[in-house]
Amino acid sequence: MSHDDLTIRRAEPADAAALSALKLAAFRETFLDGFAIPYPPADLARFEADSYGEATVARELAAPDHATWVAAEGDGRLLAYAHAGPCKLPHPQASAAQGELYQLYALNAAQGRGVGRALMEAAQGWLAQAFPGPQWLGVWSGNARAQAFYAKRGFEKVGDYGFKVGDWTDAEFIYRRG
């Protein structure tokens, strides 16, 4: 699927290195540069290695119950992604038999181009088939723009939890659709 001058496609094992770099860059642009969260350096380093390291991304790409989509420029450079799989959120009505959108990020260079919407549609379509029933996601409590984006797509806040970045804890909201 093509959008603007970007192509939305399912990520493949060969994307592991580029996707790892994109995930790290998007996280840093969003939370360090954008929201200026003062993560302690040791916690940040541990979280980034565990969450966005190439080995972790390769495992996610190989997992049959996970799916990732990427938005790529004509030259192949990845600018945005969405990652989904079985729900892991700590909510009494959530279970691994239901689906969760784990991450939806676009680099600043890709924002405002409809990429988030296209990636969200791809993820929601896959989740509806792979995990019929409610769809879940967690969103940082301070990210009003993301909350509005999800609310427009039928998600409602149904809880709160602490998202660990090393020993640091971010206050997150749990959203559900359906």
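The values are calculated or read from the model by the stated rules, or taken from the named source; none is laboratory data. Treat the numbers as computed from the prediction; the structure is a model and nothing was measured. Cβ coordinates were reconstructed from backbone atoms using ideal geometry, including for glycine residues, and neighbour counts include every protein chain displayed. The protein model used for the area step is the full one, side chains on, heavy atoms only, and it has no ligands, DNA or RNA in it. Shrake-Rupley method; radii C 1.70, N 1.55, O 1.52, S 1.80 Å.
Brief remarks follow.
- Of the residues making up segment 70-88, those that are of a type outside the set (Gly, Ala, Ser), farther than 15 Å from LEU127 by Cα and open to solvent by 10 Å² or more (accessible area, probe 1.4 Å) are GLU73, ASP75, ARG77, LEU78.
- The number of residues in segment 118-143 being open to solvent by 60 Å² or more (accessible area, probe 1.4 Å) and either touching a His at 6+ places or on another chain (Cβ under 7 Å) or modelled with pLDDT under 95 (or both) comes to 1.
- Of the set (1) at pLDDT 95 or above; (2) surrounded by 15 or more Cβ atoms within 10 Å (Cβ to Cβ); (3) assigned to a helix (DSSP H, G or I), all apply to ARG59 but (2).
- Residue count for segment 1-47, restricted to those that are surrounded by 14 or more Cβ atoms within 10 Å (Cβ to Cβ) and in a helix (DSSP H, G or I): 20
- The residue that is least open to solvent (accessible area, probe 1.4 Å), among those in segment 89-105 that are of a type in the set (A, V, I, L, M, F, W, C) and closer than 17 Å to ARG10 by Cβ, is LEU101.
- Of the residues in segment 46-64, none is out of contact with any strand residue (DSSP E or B) (no Cβ under 9 Å at 6 or more places or on another chain) and under 22 Å from ALA118 (Cβ atoms).
- In segment 17-37, the residues that are more than 11 Å from LEU107 (Cα to Cα), at pLDDT 95 or above and in contact with a Phe, Trp or Tyr (Cβ under 9 Å, 6 or more places away or on another chain): LEU19, SER20, ALA21
- One residue stands out among those in segment 144-177 that are within 18 Å of TYR105 (Cβ to Cβ) and in a strand (DSSP E or B): the one that is most open to solvent (accessible area, probe 1.4 Å), which is PHE163.
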